[in-house]
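Participant: Let me begin by handing over the structure; questions about it come next.
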Amino acid sequence: MKFSYLDYQEDLLARAVSSESPGVYVFDNFNNLLTARRYYQRPFLQEESIFLTMDDLKEKLFPTDRLILKEEKRSIFFYNLLTAEEKERLRIDNYFDVIDLAADFFKLYDEFNEYSISEIEEKIKLQDWQLEKYRILRQLRERYLSKMEDSNYTDQTLVFDFQNFDPAYFTAYREFILVNIINFTPVEKRLLAELEAAGKSVHLYLQIKWEDYNEENLQLNKLSLPEEIETEVKLYHSEEGLLQVANLLCYRELAYHGTQSLTVLDAAYNDSDYQRLLSSNRVKVKREISFIETKIYKFLESLYSILSAADLSHGFLKLEIKELLEACYFPEFCAHYRIDSNSLAALKGLAAEDYVYLTEDLIESNYHEDLAVFKLIFAEMRKIFTVKGLRELCSILEEIDFSILDDELFTDNITQYFDGLLELSSIEEIGLVDSWVNYFNSIPQGLFLLTINYLKFKKVILLDNKEKPLLEIEDLLSASHSRREELIITNASRGIIPSRTGGGFLLTEKQRAELGLPTNEERALRDKYYFFRHLFSSQRAVIYSLQNQDTNLTTSSFIEEIRLAYGLEINNLPITAWDYPTLIRSIFINEDDVLLKKLSARNRERDKLLIEEVDFPDDSYYLSYYKYQVLKDCFYKFYLSCIAQLEDEQFVFKKELSPRLLGIIVHEVFDKLITASSLANPPAIKEIRGIIEEKMAIYDLKINDYYKKYYEKILVGKIQDSIIYFFKVMGRRVNSNIRNIKTEWQIGGSKNTPFFQGDSFSLYLRGRIDLLLEFDDRKQIIDFKTGGSSLDQLDFYSLLLDEQSGSQVQVEKGIYSLMDERYLRGYPGGEMELADEITNNAKNLTVSEEYKASYKARCKDCIYLDICRVVIR
């Protein structure tokens, strides 16, 4: 085997690639392969050289006629191996519970195979928990190998058996050129030896000092820094990623005056989102985009969310409104099912009324005719619920309307989608699964989740806009080993490079070292080599590192090493956080400063929210207790909520029964139970429970199934007991004849008696009293509460009675707290204080002539905070 060592300033790929004679070029990553091809020109009438990655080379040298199981097929095969006892022991309920275990299993044994490790019990000492887990895995491995043999299958690891070694594919080639592959596994070392034994020559080009490399083990031993650095290096610290971007653009503009693109190697490549911060004509990220970014995937994800929450009991299909609404926030979902603004408003109306579920019967009702378009989704769901296999599901998913879901951003999203469906269908076609019964609790839901989980690993290519971007960003660790005039490195911070890796699946770092497996120390040395190779092979380099004490970010140890070795200084960033206002002005304000003018003090003064006649039709306003609470809290909020009736469209869905719905149910139960005779002679327990259950059934679509059993077993009994207690209390308190009983009594709003007369409007009080008992000498108000209570609400109702009768009457008042089984008495005289308070607030509103707002601590919880323009923050 021949070795060639190159200086860092030499052009590695230009030296390694020759056009004189055909050869097989092997690289450690695909970017090196692509870049090396540019140096190659095929000689006339000669065999063309082959360019491969190491994985490609292995596949060519180990041909097989067996079916190779990959990805999802291997995991499904693994799941089939598990016995009922093992599933119980490993707490595996369905297929999705085994995916992580299968991934760890294959990763472990793939590594064992690559490093020629067959047994570990005799080589290292294992803890009891390790030994127990290892023996389970070993038994599974034995069954896995046996069943693979019986089924005539193989996998990506098993196929690399030297009994299958066959270099026939490379008969026309004598020389194998390995380009800057710094570490080889035992299997790869044997592969090279077999090539040489077959008469092939192997030549390894390395851009490193020869004393740093172990030629016998084909491993990088250390990394020595050159005594003198030939690269011109500038170091910068940044507190945050956005400042890096700003300075990158600034550096590029100053250095090149907009004439050429600048390559950036990002140490945090997989976690950076430069492409989201800047348009594609400014930055190009050389990255395959995950399929989850496509409209197709987002549509399928929305469908799955609806499907997973759907309930199909006895042919009665219920869809959760929460999931439907969330899907409707995706424009393409609405377009696909032709959901217009009226249909969406109708669905939001149901949510506002506390509906949890949508059914076909509810759609058919005349009152909800705008919901008819959702029948398409019900039809889709019913079709999916009939699915028994992957091929059936894939056939349904092939019928999607791609005229709506095709992405203009990507070149191959539809191709990748159909490739994925085809690959999934093949799971059944090759006989890997006969029935999915034992895989999922619900076959349709399980298969749909399996499909979208598979598709998320597909990659799509971003459409090239043909414009030369300002910045081209690549992954530092997989970037090609080119010689660059200008190099920019970003995110050179500790924990990013060298990367901070967690513990292994089964083995500790010490145990891995004893077995000869790669350790974190060796991975850090590899990262160090790639970092310094890029640096030393460039003429000029600018390195940005993140350093922020608040977020525990510090500079990479690599930066500190070169800073100390070559006496480099950390420079101040040209653009700092103090320059953010200028940056924002340059982006959002045009030459005329239109936005700035709109924010001027004069325009803010003109933008007051004034009281207008149209706010109060017929110069009147009807004020309920709850609306008064808003008026008292904030005039501005009162306008938005009660006058403009601006609603919060972001509904908060909870699985538990809404307090409002619980209150409605309880009020309706009391309304049906309470009569003059029932207060003296309480109804039977059976009658009470029957009415409660009847009301719960009426509101079935407003009660989430998640808590339904709890409500049936616990809540119904609680309400029943509390109602019985209420009748006992009232039986003791009502000691005279009742002349009249009114329940859910609407009162107030007489045009003849305004509560307050102002210049802009007349104010009338209005409310609904839960229970009013009328005696010969007095009246008694009782308010039922299932949650918080306020005694001044009783004072408000007293004012309504005074206004209705035209004179003050003796009123007793109290609140019955259902959940606490407690009766709270109101205080006499409170209605006069409340009357003065309401009058003063109404006067203040009319005098101010505008809906003012002043800051309060509770403003931060207001749903209108984001649009409030006069609140002082």
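Just so it is clear, none of the values below were taken in a lab; they were calculated from the coordinates. Being a predicted model, the structure only gives us computed values, none of them experimental. As a convention, Cβ positions derive from the backbone with ideal geometry for all residues, glycine included, and neighbour counts pool all protein chains shown.
Participant: If we count other beta carbons within 10 Å of each Cβ, what is the order of 464, 866, fewest first?
Facilitator: Values: 464 10, 866 6.
Fewest-to-most ranking of 464, 866: 866, 464.
Participant: Just want to confirm a number: the relative contact order over the chain, from Cα pairs under 8 angstrom separated by 6+ residues, in percent.
Facilitator: 13
Participant: Quick one: what are the phi-derived ³J(HN,Hα) couplings along segment 660-675, Karplus 6.51/-1.76/1.60 with θ = phi - 60°, whole Hz, x for glycine and proline?
Facilitator: Using θ = phi - 60°, the values come out as 5, 5, 4, x, 4, 4, 4, 4, 5, 5, 4, 4, 7, 8, 7, 9 Hz.
Participant: For residue 608, give me every one of the lysines with a C-alpha distance below 27 angstrom, ignoring sequence neighbours fewer than eight places off in its own chain.
Facilitator: Of all the lysines, those that pass the test against residue 608 - Cα under 27 Å, at least 8 places apart if same chain - are 597, 598, 627, 632, 637, 843, 852, 856, 860.
Participant: From the residues 372, 317, 410, which one has its Cα farthest along the dipole of segment 292-460 in the positive direction, the dipole being from +1 and -1 charges on Cβ of Lys/Arg and Asp/Glu about the Cα centre?
Facilitator: Towards the positive end, the residue furthest out is 317.
Participant: For segment 301-393, report the translational diffusion coefficient in µm²/s to the nearest whole number, using Stokes-Einstein at 37 °C, 0.692 mPa s, and a Kirkwood Rh over Cα pairs. Please list the in-between numbers first.
Facilitator: Working: Rh = 13.5 Å.
Here the translational diffusion coefficient equals 243 µm²/s.
Participant: Going by how many other beta carbons lie within 10 Å of each one, how would you line up 634, 334, fewest first?
Facilitator: Going from least to most buried by this count: 334, 634.
Participant: At a threshold of 8 angstrom on Cα-Cα distance, excluding pairs fewer than six apart, so keeping six or more, what relative contact order does segment 292-460 reach in percent?
Facilitator: Computed value for segment 292-460: 26 percent relative contact order.
Participant: Same structure again: When ranked by the protection proxy of mean other Cβ atoms within 10 Å per residue, highest first, what sequence do the peptides 658-668, 46-56 form?
Facilitator: Top of the packing list down: 658-668, 46-56.
Participant: Here is a further query. Would you mind counting up the charge near residue 548? Only other residues with Cβ under 9 Å from its Cβ, with Lys and Arg at +1 and Asp and Glu at -1.
Facilitator: Summing Lys/Arg as +1 and Asp/Glu as -1 gives -3.
Participant: Sort segment 816-860 into rounded, prolate or oblate with this rule: let a ≥ b ≥ c be the square roots of the eigenvalues of the Cα gyration tensor; rounded if a/c is under 1.5, and if a/c is not under 1.5, prolate when a/b is larger than b/c, oblate otherwise.
Facilitator: oblate
Participant: Let me ask something else about it. Please give the net charge around residue 1, taking every other residue with its beta carbon less than 12 angstrom from that of residue 1, where Lys and Arg add +1 and Asp and Glu add -1.
Facilitator: On the way: positive: 2, 189, 200; negative: 175, 196, 215, 216.
With Lys, Arg at +1 and Asp, Glu at -1, the net is -1.
Participant: Can you tell me how segment 292-460 classifies by the Cα gyration tensor, rounded, prolate or oblate, using a/c under 1.5 as the rounded cut? Can you show the working numbers first?
Facilitator: Working: a/c = 2.47, a/b = 1.40, b/c = 1.76.
Cα axes put segment 292-460 in the oblate bin.
Participant: Another question, if that's okay. Quick one: order 283, 460 by neighbouring beta-carbon count within 10 Å, fewest to most.
Facilitator: With the sparsest Cβ surroundings first, the list reads 283, 460.
Participant: Could you work out the relative contact order of segment 777-844? I mean the mean sequence separation of Cα pairs under 8 Å and 6+ apart, divided by the number of residues, in percent.
Facilitator: It comes to 37 percent, rounded to a whole number.
Participant: A 19 angstrom limit on the alpha carbon distance is what I want to check against. Which of 322/708; 672/695; 322/654; 298/459; 295/468 exceed it? Please report the intermediate quantities before stating the final value.
Facilitator: Numbers: 322/708 17 Å; 672/695 10 Å; 322/654 9 Å; 298/459 15 Å; 295/468 27 Å.
Distance filter (> 19 Å) returns 295/468.
Participant: Is segment 69-155 best put as rounded, prolate or oblate by its Cα gyration tensor, with a ≥ b ≥ c the root eigenvalues, rounded for a/c under 1.5, and otherwise prolate when a/b is larger than b/c, oblate when not?
Facilitator: Because a/c hits 1.5 or more and a/b fails to exceed b/c, segment 69-155 counts as oblate.
Participant: Positive end of the dipole of the chain, charges at C-beta (+1 Lys, Arg; -1 Asp, Glu), about the Cα centre: which of 492, 679, 221 has its Cα farthest in that direction?
Facilitator: After comparing all options, I get 679.
Participant: Right, here's the next one. Quick one, which of [x] 117, 71, 54; [y] 129, 59, 58; [z] 80, 77, 52 is the actual Cα extents along the principal axes in Å calculated for this model?
Facilitator: [x]
Participant: Quickly rank 399-412, 718-731 as a protection proxy: mean count of other C-beta atoms within 10 Å, highest first.
Facilitator: 718-731, 399-412
Participant: For residue 204, what charge total do you get from the other residues with a beta carbon under 15 Å from its beta carbon, if Lys and Arg give +1 and Asp and Glu give -1?
Facilitator: Residues near residue 204 contribute -2 overall.
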